[in-house]
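Worksheet for the structure shown next.
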Amino acid sequence: MQMRTQPTKRKEPNELDTATAARPSAVRFESTTRYLRKPADRRSKRAFDLVAASLLLLLFGPLLLLIAIAVRLDGGPALFGHRRLGAGGTSFRCWKFRSMVPDAEAVLARTLATDPEARAEWERDFKLRNDPRVTPLGNFLRKSSLDELPQLVNVLKGEMSLVGPRPIVAAEVERYGAAMEEYRACKPGITGLWQVSGRNDVDYAERVELDRRYAWTWSLKGDVAILFRTLGVVARRSGAY
């Protein structure tokens with residue numbers, strides 16, 4: 001007599017055990033994302049973004065003005081807008097307080113051409129731990145995450161969300177591979193799972209998996225939890241450079 005084996009039930013991300021959840025790089029999701037499929041979910045997330053971003057802009061308005069003046073006096077424009085990919089793969093200008101020297105592109109090109117270690121780090125992470133382009137004021141703004149406050153305007157315009165995947169540039173699409181399906185389903189966030197899970201101390205593959213996890217397991221309650229965790233991360237300056 002043949003024994004029938006029961007089919008193994010595939011675990012969804014919200015069913016993963018605690019050990020697996022702590023190791024996002026070990027998780028691979030193969031089905032289509034369910035992120036915000038319900039219109040009610042989309043409406044509730046957008047309403048939360050609008051109310052919270054408006055209140056934060058009112059709260060931090062004076063600080064935004066002071067930072068803008070300080071950056072302007074440091075030489076060059078106060079704001080820097082970099083092209084990033086948003087929901088559906090559309091391109092938008094993601095705003096930050098300028099934290100780099102005005103000729104940052106030229107400085108980067110020289111550094112990558114003359115420093116093999118920096119070039120390898122850039123190709124691996126799209127970041128440099130000791131970035132020669134960053135100004136002293138910019139270094140403070142980055143470590144305190146104050147450079148990202150102008151992105152509240154992106155949230156009000158509907159280009160970003162308070163919480164979501166980290167906004168990526170077009171050059172990173174190839175490295176995301178199949179995970180771009182989940183990325184395109186979301187609006188990128190000012191903060192997200194990556195920011196509260198180590199930020200720059202997390203390797204690139206884990207960043208991608210954290211973005212996929214967010215798309216699969218989204219909830220408004222989860223967004224609020226990430227925002228509160230972000231306060232602690234910013235206060236400790238964890239993984240920031």
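Listed cross-link partners K38/K221; K96/K221; K96/K187 are compared with a 23 Å cut-off, the Cα-Cα value being larger for K96/K221.
One quarter of the surface of the convex hull around the alpha-carbon atoms of the range 82-134 equals 4.4 nm², the direction-averaged projected area. Computed from the Cβ-Cβ distance with R0 of 41 Å, the FRET efficiency linking L65 to E105 stands at 0.90. Mean sequence separation of contacting Cα pairs (under 8 Å, at least six apart), scaled by the length of the range 132-241, corresponds to a relative contact order of 33 percent.
When Lys and Arg each count +1 and Asp and Glu each count -1, what net charge do the other residues less than 12 Å away from R110, Cβ to Cβ, add up to? Combined, the nearby Lys, Arg, Asp and Glu give -1. The trypsin sites (Lys or Arg not before Pro) of the range 108-188 meeting both criteria, a DSSP state outside H, G, I, E and B (loop) and at most 13 other C-beta atoms within 10 angstrom of the site's C-beta, are K127, R129, K157.
Over all other residues within a Cβ to Cβ distance under 13 Å of K45, the charged ones net out to +4, with Lys and Arg as +1 and Asp and Glu as -1. Size of the range 111-228: Rg and Dmax of its alpha carbons, in Å, are 15.1, 48.
Percent of Cα pairs in the range 49-143 per distance bin of 5 Å, from zero to the largest separation: 2, 11, 16, 19, 20, 15, 10, 4, 2, 0.
Every number here is computed from the coordinates shown, using simple stated rules; none is lab data. Everything quoted here is computed from the prediction, not taken from an experiment. Note that each Cβ is placed from the backbone with ideal geometry, even for glycine, and that neighbours are counted across all protein chains shown.
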